[in-house]
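These notes concern the structure reproduced below.
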Ligand code: KPL
């Protein structure tokens with residue numbers, strides 16, 4: 001398939017230089033002009049450790065939201081945490097030519113529909129299983145290869161999604177354009193909602209959810225989530241919600257989930273983006289979800 005003109009050589013801004021943002025930025029920067037935008041500028045010389053153990057040096061433009069360059073981007077990737085996406089977008093908008101494509105990489109399902117309406121240009125959503133963590137201001141590790149899916153919520157912008165998927169794939173992040181990103185975002189949300197609040201509440205690694213005291217709680221959360229998804233007419237994954245959640249628990253058994261890391265570090269959590277849409281849907285359909293409500297309440301006291 002030929003690549004629609006302009007994206008491989010286009011300039012990409014990555015706004016939100018956490019682990020995922022830096023992974024995308026450093027991978028693309030091998031051959032594409034990339035600007036990493038954060039609350040504070042990071043060093044321009046960056047190091048990426050690959051899953052194979054190679055050390056790659058990358059040079060890219062880094063800046064802060066209040067000192068954006070005059071040269072405008074062709075594509076903006078918003079890679080902030082879910083709770084910071086809308087304020088980052090608001091700060092960016094005055095600097096973007098109308099029509100600039102925006103790619104949203106957030107967890108949950110809160111900012112995506114809102115920014116989809118608000119942004120003056122094409123909006124795509126992405127969901128990824130790439131694993132990465134930050135090791136310092138100028139060093140990060142691409143811990144494990146994953147897969148990325150990209151698409152527009154309404155199903156449009158197919159050529160743009162294909163061009164971006166091709167660009168990411170060529171940069172070493174295998175990606176596919178899809179027409180069901182809405183379903184895929186809700187599936188990821190279900191996994192995050194089943195795992196993250198429980199491990200954050202009990203301060204355990206993901207694999208410990210399989211142990212006796214926690215297993216019934218996971219089963220209850222899955223049942224509550226499945227009922228909400230059915231009411232919302234979100235198609236279940238091919239082998240069902242239990243299979244999906246327990247497979248991710250097994251595959252990430254040694255991990256400390258992002259929400260647990262946030263709680264331990266005293267940072268805000270993605271509670272509102274992950275549990276918020278589920279509880280709103282439960283309310284709309286008159287469903288009771290006592291354990292999800294309790295977990296949401298416990299996390300809200302954290303901040
Ligand atoms: O995505 C995750 C997270 O940590 O946020 C899971 C899949 C739960 C793995 O820990």
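The values are calculated or read from the model by the stated rules, or taken from the named source; none is laboratory data. All values derive from a computational prediction rather than experimental measurement. All Cβ positions, even for glycine, are placed from backbone atoms using ideal geometry, and neighbour counts span all protein chains on display.
Of 101, 33, 97, all but one fail to be within 21 Å of residue 122 (Cα to Cα) and surrounded by 17 or more Cβ atoms within 10 Å (Cβ to Cβ); the exception is 101.
Condition first: buried (at least 21 other Cβ atoms within 10 Å of the Cβ) and away from the ligand (no atom under 15 Å from the Cβ). Now tell me which residues in the range 239-277 satisfy that. 277 - this is the single residue of the range 239-277 that is buried (at least 21 other Cβ atoms within 10 Å of the Cβ) and away from the ligand (no atom under 15 Å from the Cβ). On the basis of being outside any loop (DSSP other than H, G, I, E, B), free of Cβ contacts under 8 Å to residues at least 40 places away in the same chain, in contact with a helix residue (DSSP H, G or I) (Cβ under 6 Å, 6 or more places away or on another chain) and buried (at least 17 other Cβ atoms within 10 Å of the Cβ), does residue 222 make the cut? So residue 222 fits the description; yes.
Matching residues to (1) under 13 Å from residue 196 (Cβ atoms); (2) modelled with pLDDT under 95; (3) not assigned by TED's automatic domain parsing to the domain that holds residue 187:
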site: 238; (1), (2), (3): no, no, no
site: 248; (1), (2), (3): yes, no, no
site: 256; (1), (2), (3): yes, yes, no
site: 279; (1), (2), (3): no, no, no
site: 283; (1), (2), (3): no, no, no
site: 286; (1), (2), (3): no, no, no
site: 289; (1), (2), (3): no, no, no
site: 297; (1), (2), (3): no, no, no
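Quickly run through the range 278-303 and pick out the residues that are surrounded by 16 or more Cβ atoms within 10 Å (Cβ to Cβ) and more than 23 Å from residue 260 (Cα to Cα). Passing the criteria: 281, 282, 287.
Can you confirm whether residue 213 is more than 16 Å from the ligand (Cβ to nearest atom), out of contact with any strand residue (DSSP E or B) (no Cβ under 8 Å at 6 or more places or on another chain), part of a loop (DSSP other than H, G, I, E, B) and not assigned by TED's automatic domain parsing to the domain that holds residue 74? For residue 213, the condition - more than 16 Å from the ligand (Cβ to nearest atom), out of contact with any strand residue (DSSP E or B) (no Cβ under 8 Å at 6 or more places or on another chain), part of a loop (DSSP other than H, G, I, E, B) and not assigned by TED's automatic domain parsing to the domain that holds residue 74 - is met. All of 172, 154 fail the test of being at pLDDT below 95 and under 25 Å from residue 100 (Cβ atoms), apart from 154. As a summary of the residue check, residue 182 satisfies the conditions (1) more than 20 Å from residue 115 (Cβ to Cβ); (2) within 16 Å of the chain's Cα centre (by Cα) except for the one numbered (1).
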